Amino acid sequence: MLPAILLVDDDPTTNFLSTRLLNRLGVSEEIVVALNGAEALGQLQQRCPATADAACPALVLLDVNMPVMDGFEFLEAYQQLPAETRQHTVIVMLTTSMLATDRQRAEQLPVAGFLTKPLTREKLAAILQQHFGLVLPE
């Protein structure tokens, strides 16, 4: 089980459905939601390295298109954070964008994967297996 998962998306329906799936599968002790990249950066700065009362998100599911700070702006700012803040976090882009340019741009940044919405059990299982060696129970 992961200590925390950070969902970064401005769409309340996506956040609701993703949170519901994650809770139903019991893969994380805590689900944190940020509505844009700026909120997500604040969460990471506050939680990583984790204090006694806040767990550093092991997984960030990041949307591309958001107001205030989009996914790419978040990733560029994320690269500037101290290494100890970034060392335990895997970032996967979860987006509706099918643009080849977005995928190519993501490959140049610290992203472990690029998936299309919605988050499904199968997509989550693949992420957990590949990056954390975890297998979802049947």
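Nothing in this text is a laboratory measurement; each read-out follows from the coordinates by a stated rule. Keep in mind it's a predicted model, so treat the numbers as computed, not measured. Note that we place each Cβ from the backbone using ideal geometry, even for glycine, and neighbour counts take in every protein chain shown.
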field: DSSP bridge pairs, the chain: antiparallel proportion in percent, nearest 5
entry: 5
- line: Per the Kirkwood formula over distinct C-alpha pairs, the hydrodynamic radius of segment 8-138 in angstrom is 15.0
Kirkwood-Stokes translational diffusion coefficient of segment 1-74, alpha-carbon pairs, 4 °C, 1.567 mPa s, µm²/s: 105
message: Just to confirm my numbers, what's the Cα centroid distance between segment 107-123 and segment 57-79 in Å?
response: 12
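Summing -39500 (n - 2.57) over the DSSP H runs of n ≥ 4 in the chain and dividing by its residue number, what mean residue ellipticity at 222 nm do you reach, to the nearest 500 deg cm²/dmol? Spell out each step's value before the answer.
Working: 6 runs with 57 residues, N = 138.
Value at 222 nm, helices only: -12000 deg cm²/dmol.
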- prompt: Along the positive direction of the dipole of the chain (beta-carbon charges: Lys, Arg +1; Asp, Glu -1; about the Cα centre), which of 119, 95, 135 reaches farthest?
  reply: 135
message: Under 5 Å between amide hydrogens, which residues at least 5 positions from residue 115 or on another chain qualify, with H placed 1.01 Å from N in the peptide plane?
response: 93, 94, 95
task: Take the Cβ-Cβ distance between residue 107 and residue 138 as r, set R0 to 35 Å, and report the resulting FRET efficiency rounded to the nearest 0.05.
output: 0.60
statement: What one gets for segment 78-138 as the Kirkwood radius, inverse of mean 1/r over different Cα pairs in Å, is 13.0
